[in-house]
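Accompanying notes for the structure given below.
The values are calculated or read from the model by the stated rules, or taken from the named source; none is laboratory data. Everything numeric in this text was worked out from a predicted model, so none of it was measured. Neighbour counts run over all protein chains shown; Cβ positions are idealised from the backbone, glycine included.
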Amino acid sequence: MSQAAIFSVPVVGPASPSTMAARTDDSLRALLSGHSGASRPSYAVDGTFWVSTATPGQRKLYLYDGSDDILLMALDIASGAVIFSGLGAAIDGAVTKPVPVGADKLGLWDSVSGDARGLVLDDLATWLASITGQTKVSGCETVYVSTTTIQMKTGYVFFNGRRTTFAVALTKALNATFVAGGAGGMLDIGAMAASKTYFIHAVRNVATGAGDWVASLQSDPALVNMTNLTGWNVEGRVNVVLTTSGNVIRQYVQDGNEYRITTAVTELSAGSWAANDFQFTAIPAGISTEAYLVLINGQNPNSAGVVIVSTDTGTAILQLSVNVVSSHESRVSGRVRSRPTGVLRSQAAETVGSGSFAVLTTGFNDYTAPRPNGA
């Protein structure tokens, strides 16, 4: 590190070879060290770059503009970190881009390679989503169209760090395998089957980013069959569709995550039944939902009985007891959360006399679908 006493070589002779060599060597050493020193070299002119060694542990690069020394950057010798002067002001003064796009890049320091890298905004969003678990569905409810078709409303989904927008409602057929677009099939594989729970997943075209819908017997997006989905990514589960024992779509009115059945379904009806697990036909199988139920307890004269529905063995979540002298029927509605398999537990029993019991389903809330506040 050096600065030359006189940065030049003699241009007027005579000069001895040793004088020429000393002046030349002195100037070259100054060049090699970036004119480094505790202060600006005396021979600096407008446009001279020089390195300051005045701050212990740092090297600061200046540009002399003929009157002032302009700091360009500072180097931390121990860590190798470089801080560029005026970077904040340069960013602040840059032209604003009010609507960034996914292909835009941010600059960052790669801690692994020890180098600068460009980070695409799409990749940043994906990474943030992966560590926060951020998912969201807005709109995109089902509308019953016919015994084999549904319409998917407009809206958007956010899965895997990507937002997929559905600007147009799509009518899809449950009795045909997937074909992109309106009026196309939506099954991932196989044929429409009776008494099944179909899980509706958002899919995204890899090349275009366009969205569509696929129905699968698998609730996990990773298990959806990809045979008919070449060129598509399965983003995430959005809705459910149930079929009846007659192999037609069961009618519900969906509002957010709430499904209200058009005609209540009698799940259990008898004079009594032992405590047991039941998969109710109008409640999805394979996931946990909040079942909307009606309990009916009708007792003959001088009779007493109770009907219970619960998530599991233990304290009843929904219970109706009747103890009467004259015949009487009571009804109560409530909500019970099913197990992750969709199963509920129920029992109806007489303690004295005789009567009849029933459990009806009026709908359910698909609370695990990621709609904020169910909407």
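May I ask you to verify whether Gly88 is touching a strand residue (DSSP E or B) at 6+ places or on another chain (Cβ under 8 Å) and either in the same structural domain as Ala116 (by TED's automatic domain parsing) or among the small types (Gly, Ala, Ser) (or both)? The answer is no for Gly88. Looking at this structure, is Thr351 within 30 Å of Lys136 (Cβ to Cβ), outside any loop (DSSP other than H, G, I, E, B) and out of contact with any Pro (no Cβ under 6 Å at 6 or more places or on another chain)? In short, no.
Inspect all residues belonging to the stretch 182-190 and state whether any of them is modelled with pLDDT under 95, out of contact with any Leu (no Cβ under 6 Å at 6 or more places or on another chain) and part of a loop (DSSP other than H, G, I, E, B). Walk me through how you get there before you give the answer.
Just the residues of the stretch 182-190 that are modelled with pLDDT under 95, to begin with: 182-184.
Subsequent filtering for residues that are out of contact with any Leu (no Cβ under 6 Å at 6 or more places or on another chain) retains 183-184.
Still in the running and part of a loop (DSSP other than H, G, I, E, B): 183-184.
Looking for residues that are modelled with pLDDT under 95, out of contact with any Leu (no Cβ under 6 Å at 6 or more places or on another chain) and part of a loop (DSSP other than H, G, I, E, B), one finds at least one in the stretch 182-190, hence yes.
Only one entry of Val179, Val224 meets the criterion of being at pLDDT 95 or above, over 30 Å from Val359 (Cβ atoms) and buried (at least 20 other Cβ atoms within 10 Å of the Cβ), and that entry is Val224.
With respect to Val352, determine if the residue is farther than 28 Å from Phe158 by Cβ and surrounded by fewer than 18 Cβ atoms within 10 Å (Cβ to Cβ).
On the way: farther than 28 Å from Phe158 by Cβ: yes; surrounded by fewer than 18 Cβ atoms within 10 Å (Cβ to Cβ): yes.
Yes: the conditions hold for Val352.
Residues that are within 10 Å of the chain's Cα centre (by Cα), in a loop (DSSP other than H, G, I, E, B) and exposed (fewer than 12 other Cβ atoms within 10 Å of the Cβ) within the stretch 113-147 comprise just one, Gly133.
Listed here are the residues, each with its yes/no results for (1) modelled with pLDDT under 95; (2) over 30 Å from the mean Cα position of the chain (by Cα); (3) surrounded by fewer than 20 Cβ atoms within 10 Å (Cβ to Cβ); (4) assigned to a loop (DSSP other than H, G, I, E, B).
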{"residue": "Ala215", "(1), (2), (3), (4)": "no, no, no, no"}
{"residue": "Asn228", "(1), (2), (3), (4)": "no, no, yes, yes"}
{"residue": "Asn233", "(1), (2), (3), (4)": "no, no, yes, no"}
{"residue": "Gln254", "(1), (2), (3), (4)": "no, no, no, no"}
{"residue": "Arg260", "(1), (2), (3), (4)": "no, no, yes, no"}
{"residue": "Thr263", "(1), (2), (3), (4)": "yes, yes, yes, no"}
{"residue": "Glu267", "(1), (2), (3), (4)": "no, yes, no, no"}
{"residue": "Asn276", "(1), (2), (3), (4)": "no, yes, yes, no"}
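Identify all residues within the stretch 88-112 that are surrounded by 10 or more Cβ atoms within 10 Å (Cβ to Cβ) and more than 26 Å from Arg162 (Cα to Cα); write none if there are none. Across the stretch 88-112, the qualifying residue is only Ala90. On the stretch given as the stretch 68-95, residues that are without any contact (Cβ under 8 Å) to a residue 12 or more places away in the chain and of a type in the set (S, T, N, Q) total 1. On the given criteria, is Lys60 in the same structural domain as Ala183 (by TED's automatic domain parsing), basic (Lys, Arg) and surrounded by 12 or more Cβ atoms within 10 Å (Cβ to Cβ)? When the stated conditions are applied, Lys60 does not pass them.
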